[in-house]
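Following: one structure in structure tokens, then a few remarks.
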Amino acid sequence: MVGGLIHTCTIQRQYARQRLTFTASAGTPVIGQTVTGADSGEEGVIIRIGMGEEGVDDYIIIEAENAVFTIGEVIGTPTWSGILSTQIDSKNASGELEQYWINDQTGVRCRFYVKSSGFGQTRHDAGDLVTATIACILPPTVTIESSKYRIVSATSGYSGVYTIVNLYPRSSGGGLHHYEVGLSEGL
């Protein structure tokens, strides 16, 4: 089936936004600027700023793929600097992790299809098709897992953003042959 991959998709990976608290601030951080660690060399883009009273609870929220800054290092942008106190995953007002998606693998050859009856379709009492479950076949060369990845498609008839519901590695005599992925549209 891998030879029949006739569509193209993008696989996105999910990351947690980071909350960096700091002291000894000089200047003004600006949303959209890149903050860099002087010792670690790590970088992230500022998406939100929180300034407390008299330097208490000053923080920035950044998007930085797996960046690990060094506590106590100077962090800064062209318009601002401070000394890093903590780096933690950012949470919203409800206590849930704040997350974002980036394109991890683009131009991935795939094949979208609608699962046949008995494999996820639901029929109304009158016999009308209520939902059709969309699935996708991916090559064995992709990096994917159900909890941190999603699939985006611009393919006609399958255009959308899909959450991975089921992920089935399929093997043949020579090892992993392809992935069958059950999808749920939305977001």
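So if I check each of 62, 49, which one is more than 18 Å from residue 26 (Cα to Cα), aliphatic (A, V, I, L, M) and assigned by TED's automatic domain parsing to the domain that holds residue 24? Steps first, answer last, please.
Working: 49 fails: more than 18 Å from residue 26 (Cα to Cα).
Answer to the check: 62.
Here's a check for you: in the range 95-112, which residue that is part of a strand (DSSP E or B) and touching a Lys or Arg at 6+ places or on another chain (Cβ under 9 Å) is farthest from residue 162 (Cα to Cα)? Give the derivation first.
At the first step, the residues of the range 95-112 found to be part of a strand (DSSP E or B) are 97, 99-112.
This time we only want the ones that are touching a Lys or Arg at 6+ places or on another chain (Cβ under 9 Å), so: 97, 99-105.
Details: 97: 20, 99: 16, 100: 15, 101: 12, 102: 14, 103: 13, 104: 15, 105: 15 Å.
The qualifying residue farthest from residue 162 (Cα to Cα) is 97.
Checking the condition at pLDDT below 95 and surrounded by 13 or more Cβ atoms within 10 Å (Cβ to Cβ), which residue from 2, 74, 108 passes?
On the way: 74 fails: at pLDDT below 95; 108 fails: at pLDDT below 95.
Result: 2 is the single residue among 2, 74, 108 that is at pLDDT below 95 and surrounded by 13 or more Cβ atoms within 10 Å (Cβ to Cβ).
Are there any pairs with C-beta distances below 7 angstrom linking a residue in the range 137-148 that is under 17 Å from residue 182 (Cβ atoms) to a residue that is hydrophobic (A, V, I, L, M, F, W, C) and surrounded by fewer than 15 Cβ atoms within 10 Å (Cβ to Cβ), with the two at least 6 apart or on different chains, and if so which?
As it stands, the answer is 137/1, since those pairs meet every condition given.
Please find, within the range 63-94, the residue that is nearest to residue 21 (Cα to Cα) out of those that are among the acidic types (Asp, Glu) and not in a loop (DSSP other than H, G, I, E, B).
Filtering the range 63-94 down to residues among the acidic types (Asp, Glu) leaves 63, 65, 73, 89.
Cutting the leftovers down to not in a loop (DSSP other than H, G, I, E, B) gives us 63, 89.
Numbers: 63: 14, 89: 11 Å.
In this case the residue turns out to be 89.
Exactly one condition in (1) exposed (fewer than 12 other Cβ atoms within 10 Å of the Cβ); (2) over 20 Å from the mean Cα position of the chain (by Cα) is false for residue 32; which is it?
Result: residue 32 passes all but (2).
The values are calculated or read from the model by the stated rules, or taken from the named source; none is laboratory data. Note that the structure is predicted; figures quoted are calculated from it, not measured. Cβ atoms come from the backbone with ideal geometry, glycine included; neighbour counts cover every protein chain shown.
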